[in-house]
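J.: Sharing a structure, written as structure tokens. Questions coming.
FYI, it's all coordinate maths here, none of it is from the lab. Keep in mind the model is a prediction, meaning the values are calculated, not measured. Here the Cβ is made from the backbone with ideal geometry for all residues, glycine too, and neighbour counts use every protein chain on show.
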Amino acid sequence: MDEVELTAADFVNPLAVTDFRAIWTSLGEHEAFEAKEQFILSLPTMKDACDYLITKLGLAPCEGTQRVAEGASQHNLLLSGSTIDEGAMLVRVMMQANAGAVQVRLMARSSDAVLTSAMAALAKA
């Protein structure tokens, strides 16, 4: 038997939404779960941090937020997907460049408590 490692990203499908903020707010008004993490990525640019988080979390960037302005010191990244039970998984990432690294504040929301916490923790790992 080969050993297999599953992460939270294996339980979501990337699916870009057209109105991230409306769905984020809607989830917050219902019985959604939210998880928050703060950490530092040892990456030289915001673009590198965006690419890393998109790949690591396996979610789709929304509203063109994967594009980072040249020389930006702050950036917001919006990511979305659908969970295996067809629910929404949304992630808001606020980033700030800080001496050759990127400081990250991440918030994840979905209707699945375990998956929401696991997704936030995966970004930090």
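J.: Can you name the residue in region 65-81 that is in contact (Cβ under 8 Å) with a residue 24 or more places away in the chain and either assigned to a loop (DSSP other than H, G, I, E, B) or of a type in the set (A, V, I, L, M, F, W, C) (or both) and is also surrounded by the most Cβ atoms within 10 Å (Cβ to Cβ) among such residues?
T.: Leu79
J.: Any chance you could count how many residues in region 29-47 are loosely packed, with under 15 Cβ neighbours inside 10 Å, out of contact with any strand residue (DSSP E or B) (no Cβ under 7 Å at 6 or more places or on another chain) and in contact (Cβ under 8 Å) with a residue 40 or more places away in the chain?
T.: 3
J.: Mind checking which residues of region 35-64 are assigned to a loop (DSSP other than H, G, I, E, B), under 23 Å from Leu115 (Cα atoms) and in contact with a Leu (Cβ under 7 Å, 6 or more places away or on another chain)?
T.: Leu59, Cys62
J.: Sticking with this one: Conditions first: (1) touching a residue at least 60 places away in the same chain (Cβ under 8 Å); (2) of a type in the set (A, V, I, L, M); (3) in a loop (DSSP other than H, G, I, E, B). Ile23 passes all but one, so which condition is the exception?
T.: Condition not satisfied by Ile23: (3).
J.: Return yes when Val104 is within 10 Å of the chain's Cα centre (by Cα), surrounded by 18 or more Cβ atoms within 10 Å (Cβ to Cβ) and farther than 15 Å from Ile23 by Cβ and no when it is not.
T.: Answer is no for this residue.
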